[in-house]
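Student: Sharing a structure with you now.
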Amino acid sequence: MPLLSADQLTIQRGDRALLRDFDLRLAAGELLHLRGANGIGKTSLLETLAGLRRPAAGQCRLADEAAGLHWLGHRNGLNLQLSAIDNLRFWCGINGASPAGIDAALAGVELPARARRRACRSLSAGQKRRSALARLLLQPRPVWLLDEPLDGLDAGGLALFAALTQAHLAQGGAVLMTSHQTLPAPLAARELIL
Amino acid sequence: MPLLSADQLTIQRGDRALLRDFDLRLAAGELLHLRGANGIGKTSLLETLAGLRRPAAGQCRLADEAAGLHWLGHRNGLNLQLSAIDNLRFWCGINGASPAGIDAALAGVELPARARRRACRSLSAGQKRRSALARLLLQPRPVWLLDEPLDGLDAGGLALFAALTQAHLAQGGAVLMTSHQTLPAPLAARELIL
Amino acid sequence: MNWTWFHRLGSPPSFYRFAGRLAPWLGGLGLLLLAYGWYAGLVLAPPDYQQKDAFRIIYVHVPAAAVSLSLYVLMALAGAVALIWRMKLAEAVMVATAPVGASFTALALVTGMLWGKPMWGAYWVWDARLTAELVLLFLYCGVIGLNAAFDDARAGARACALLAIVGLVNVPIVHFSVEWWNSLHQGSTILKFGKPAISADMAWPLYAGLLATYCLCGHAILRRAQNELLLRERNTRWVRELATELGGGARVS
Amino acid sequence: MKALAAIFARELRLAARAKAEWLMPPLFFVIVVTVFSFGTRPNDPQLAAFAPAVLWVGALLAALLSLERLYRTDQEDGTLEQLLVSRTALSFAVFVKGLAHWLLSGLPIVLLAAPLGLMLGLAPPHLGPLVLGLALGTPCLSFIGGFVAALTVGLPRGGALLPVLVLPLIVPVVIFGAGSVRAAQQGLDAGAPLYFLAAILTLTLTLLPWLAAAALRNAFE
Amino acid sequence: MKALAAIFARELRLAARAKAEWLMPPLFFVIVVTVFSFGTRPNDPQLAAFAPAVLWVGALLAALLSLERLYRTDQEDGTLEQLLVSRTALSFAVFVKGLAHWLLSGLPIVLLAAPLGLMLGLAPPHLGPLVLGLALGTPCLSFIGGFVAALTVGLPRGGALLPVLVLPLIVPVVIFGAGSVRAAQQGLDAGAPLYFLAAILTLTLTLLPWLAAAALRNAFE
Ligand code: HEM
Ligand SMILES: Nc1ncnc2c1ncn2[C@@H]1O[C@H](COP(=O)(O)OP(=O)(O)OP(=O)(O)O)[C@@H](O)[C@H]1O
Ligand SMILES: Nc1ncnc2c1ncn2[C@@H]1O[C@H](COP(=O)(O)OP(=O)(O)OP(=O)(O)O)[C@@H](O)[C@H]1O
Ligand SMILES: [Mg+2]
Ligand SMILES: [Mg+2]
């Protein structure tokens, strides 16, 4: 049974239907790379799958509703006044996870120690993106929906992302992501072109 | 004589000097690709060269002060309530350029016609980036400083960017840009690694 | 109980047709009643022994004031339906009601002020009834403004519905203000069940005018709701078909 | 439960970060009252009669000022969408945010009301209804305002709309609040309006968080 | 010159886009006056004495509300940095933005003042000083407020700071403005305070745009 499935999805923005009768199955251990031209509707699709946007028709289902999913959009979900640590502590609280994992998660995304306690506003674009990725590591959730997660990451960041993703897939997770770049080396993805 | 030069530049953020005694020469017809790890100081350097940030020491000079330079940062400089056309009309007015070129510029970045009159808020990430690039075409300026201009562009967008840049270089312009991606095919850049 | 009529009416195309058939009748009846009410009230009825002819403002003021409250309730109810059943029709009705209600609220305020000058010696006093009615106008304006601020018509309608429901608290305040606070404004006499306290040749035209105003409001709301539906459904098949049927340019987009 | 504690802690931490921010609503309150007194004849004995209205309107406006930011930054930086995805009970989150807003902007105003009332010439026995009324009324402001902030959060220029939507909804609170002080000044029973306020507060606290949560969900579309 | 026209056109276009936005400051003004009157005893003849203060404070707050957005969106979406790079004379840009702000939020208030004054029981002969005073005073609000908005634009939560910084600066304007009406009410010369207002306006218009431009340049760091 797929971890995430969409049936007969129709997605509308303004008056225009971006997708019609779209079906999708995301199986455990699968990495699905969504591609397509600018403005084709990748972000809208991901937002719909995440439950943020209501589809005009059709439905999406998560195999394990209780476990939920991780969503990383264009916006990082970091309060710019708080430090990366404070932001992650907040998400730990929200999800009932233990804050003990915060340091490990930030080390996992290689955010320099001196940047962790500074307000996120003073981080560079790539450092912000890394902090946002750290949130995915705080709490295991089977499905990851990532919109342009590679944006702003340097070569080291790409390698790191590849490692994180592989570990997640190996644990039976699934990843649906968009990116205009080709994915970093060891990742083998099924491509879906819109 | 270089179009843009920096002498003995020291750039400071918070307590930390990101760059010390940095020299830079950007000649006409040159494409300089600035690389470096996340947080090394690429954005800060570009902002300093654009005159937005004051260097802690040293100075930067533009050969043709009157002609000015084009700056494209992480932020697109598009008012989200206005349409792409309205935004460009504003920049035409500011720079004293003729608004006749707007349609050509938007066609040049291949923004779909129906997306040009809609509030920028409803554009996709790539469409916003394209609209921001269109600003560079409205008015000739010898120096372009571009911070991650490839962010969010699809394959077509990359090709388009390469064509724009080549045309600019051929006219004797110069481009200093950052990007974590390798530059699209025909562009030949001098790499500068921080 | 058979609910099919409800579901049929709830679908935009059938409501559109139903409203198209009902609206002219309501409008015609309203105009007739209004003609009688105004002729009987403004020409035939004897002048008041205290107020002379000034009392005749009542034939505009009272219907407008009553309608301003009823329409707010209607708007909030439509909003509740729109929220609970996500019914497009209810959204359209709600959005259509707001400007009509706002206009009648403004009319009640203006006629009240014009009446206040001869009666109380001032156009405006800070009295509970008057201020609450003014607040009602602000609430209508809020709903209209909020709706205009949204790009997405459906999200806008739902936000307005929430606002309208919360604003419902003001309706009893307007209605009972004359009892709760000692007010210059006169208490309920006409709009009370039981025996009205004014003479019949003043009362009947008033009732006719009241009914006429309700009919005309109904007409306006139905027509506005029709427009609203056309706008919201402009890309659906039934609107396209309607457009070709009417022979207009088939391109609606 | 833990989630609510986390939201609450974050609001407090944010206030602590923007160092002087929690000082601003009371300071604004003081300044509005002062500017108002400047606008009138100096030492006007009549001022006391208008003191309840001035203080209540001042409190209202001070609360208004910080309301727009209640959800806007969360929406802009993506925290709101994360909250929606995380399946936290949104109405509780709204409740906690309202509570934090009241603590940071309502409570200081309640505490300041007595000295300012004296400044405006209010007799000491009438301070009781004033402070009690504000203590009951300012949470209503925070919650009603929070509801409207949720309604307007996704809007391009929701900020302009917010005060215009909040003020009419808040009128009953001001009527009863200022009414209670005036009743005391006229030797009437100041208790009845306060009971009304308490009733409004109860309604507000129980119903509005749900509506606000619905509004937030709606805002994303 | 063309650049200034472009800025002006953009402000108007923005107001036209956010459909009902330009309605909001005057509506807010009306509502504040209403709420205030509701907080007082019904039909209080004394109200007229307080009308100048109420109207002036209302106008002040209505202008304040839209000030925060004057530069904030420009800063957030990157327009401000483009303006800085483009070498437009920033002080002129600031001047034009102030002018547009006054046209969209100050002027409607000036026009509304007379009817609202009547509603508050102000005698018709005293409306002259009220309207004239507001006509001179509201541009001061827009320009002083714009200066403070420029000062706080880069700050994390500048919104909270803004009103607290503006209000003290604006006090003289309110004193002279309301004072002029009161002078008229007491049968004194209403002209002198108006001359003061005109002097303040001249100073504001000539000096503040330069300072605001410097503040904007500074805000980027
Ligand atoms: C701006 C001023 C006024 C406003 C806002 C106003 C508002 C209202 C409202 C809202 C109602 C409907 C109440 C309900 O249905 O429960 C009403 C009814 C009425 N008004 Fe006014 N009014 C104003 C001035 C006046 C004046 C000056 C008079 C005459 C002395 C007047 C006489 C009446 C009468 C006779 C009714 C019908 C009451 C009944 O029997 O139920 N109004 N007004
Ligand atoms: N209100 C609206 N009316 C009409 N079209 C809209 C509206 N809002 C968004 N759109 C269009 O819907 C599409 C949304 O695209 P989306 O953001 O999902 O694209 P994307 O595939 O993620 O693109 P990118 O690669 O640029 O990120 C865009 O073409 C956009 O122009
Ligand atoms: N106030 C501050 N105090 C200390 N360090 C700061 C402060 N503000 C910024 N920095 C640091 O300065 C650096 C700024 O980097 P900049 O944004 O120029 O990086 P970049 O090379 O563009 O990175 P990226 O590739 O991620 O875009 C970052 O390391 C950041 O953490
Ligand atoms: Mg996208
Ligand atoms: Mg950078």
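The values are calculated or read from the model by the stated rules, or taken from the named source; none is laboratory data. All figures in this text were calculated on a predicted structure; none of them were measured in a lab. Using ideal geometry, Cβ is built from the backbone for each residue, glycine included, and neighbour counts are taken over all protein chains shown.
Student: Name the helices (runs of 4 or more DSSP H) wholly inside segment B:112-194 in which the number of residues that are within 16 Å of ligand 4 (Cβ to nearest atom) and touching a residue at least 24 places away in the same chain (Cβ under 8 Å) is 2 or more.
Tutor: The helices (runs of 4 or more DSSP H) meeting that bar are B:125-138, B:155-170.
Student: Among the residues of segment E:72-114, which ones are β-branched (V, I, T) and touching a Ser or Thr at 6+ places or on another chain (Cβ under 9 Å)? Working first, answer last.
Tutor: As a first pass, look at segment E:72-114 and keep what is β-branched (V, I, T): E:73, E:79, E:85, E:88, E:94, E:96, E:109-110.
Listed by number, the residues that qualify are E:T73, E:T79, E:I109, E:V110.
Student: Name the helices (runs of 4 or more DSSP H) wholly inside segment C:72-179 in which the number of residues that are buried (at least 20 other Cβ atoms within 10 Å of the Cβ) and among the basic types (K, R) is 2 or more.
Tutor: Values: elements: C:88-120, C:128-149, C:153-167.
It comes to none.
Student: For segment A:40-59, indicate whether the set of residues that are away from chain B (no Cβ under 14 Å), in contact with a Pro (Cβ under 8 Å, 6 or more places away or on another chain) and more than 16 Å from ligand 4 (Cβ to nearest atom) is non-empty.
Tutor: No, segment A:40-59 contains no residue that is away from chain B (no Cβ under 14 Å), in contact with a Pro (Cβ under 8 Å, 6 or more places away or on another chain) and more than 16 Å from ligand 4 (Cβ to nearest atom).
Student: Here's another thing I want to ask about it. Are any residues in segment C:133-164 over 13 Å from C:Y72 (Cα atoms) and touching a Cys at 6+ places or on another chain (Cβ under 6 Å), and if so, which ones?
Tutor: C:L146, C:N147
Student: Something else: Consider B:E110 against the criteria (1) modelled with pLDDT of 90 or more; (2) at positive phi; (3) not assigned by TED's automatic domain parsing to the domain that holds B:G126: it satisfies all of them except one. Which criterion is unmet?
Tutor: Going through (1) modelled with pLDDT of 90 or more; (2) at positive phi; (3) not assigned by TED's automatic domain parsing to the domain that holds B:G126 one by one, B:E110 breaks only (3).
Student: Can you name every residue in segment B:146-160 that is touching a helix residue (DSSP H, G or I) at 6+ places or on another chain (Cβ under 7 Å) and either more than 12 Å from chain A (Cβ to nearest Cβ) or away from ligand 5 (no atom under 16 Å from the Cβ) (or both)?
Tutor: B:P149, B:L153, B:D154, B:G157
Student: Provide a single number: the residues in segment B:166-179 that are within 12 Å of ligand 3 (Cβ to nearest atom) and in contact with a helix residue (DSSP H, G or I) (Cβ under 7 Å, 6 or more places away or on another chain).
Tutor: Matching residues across segment B:166-179 total 1.
Student: Going residue by residue through segment E:48-63, is there one that turns out to be farther than 20 Å from E:P129 by Cβ, in contact (Cβ under 8 Å) with a residue 12 or more places away in the chain and hydrophobic (A, V, I, L, M, F, W, C)?
Tutor: For segment E:48-63, residues farther than 20 Å from E:P129 by Cβ, in contact (Cβ under 8 Å) with a residue 12 or more places away in the chain and hydrophobic (A, V, I, L, M, F, W, C): present.
Student: Condition first: modelled with pLDDT under 90 and facing chain E (nearest Cβ under 7 Å). Now tell me which residues in segment B:63-79 satisfy that.
Tutor: If the condition is that a residue be modelled with pLDDT under 90 and facing chain E (nearest Cβ under 7 Å), then B:G68 is the only one that fits.
Student: Quick one: which residue in D:A150, D:A160 is on the phi < 0 side of the Ramachandran plot, at pLDDT below 85 and assigned to a helix (DSSP H, G or I)?
Tutor: So the residue among D:A150, D:A160 that is on the phi < 0 side of the Ramachandran plot, at pLDDT below 85 and assigned to a helix (DSSP H, G or I) is D:A160.
Student: Just one of the numbered conditions (1) over 18 Å from the mean Cα position of the chain (by Cα); (2) more than 16 Å from ligand 4 (Cβ to nearest atom) is not true of B:G108; which one?
Tutor: Evaluating B:G108 over (1) over 18 Å from the mean Cα position of the chain (by Cα); (2) more than 16 Å from ligand 4 (Cβ to nearest atom) leaves (1) as the failure.
Student: Which condition number in (1) within 27 Å of B:Q127 (Cα to Cα); (2) touching a Lys or Arg at 6+ places or on another chain (Cβ under 6 Å) is the one that B:L46 fails?
Tutor: Going through the list (1) within 27 Å of B:Q127 (Cα to Cα); (2) touching a Lys or Arg at 6+ places or on another chain (Cβ under 6 Å), B:L46 breaks only (2).
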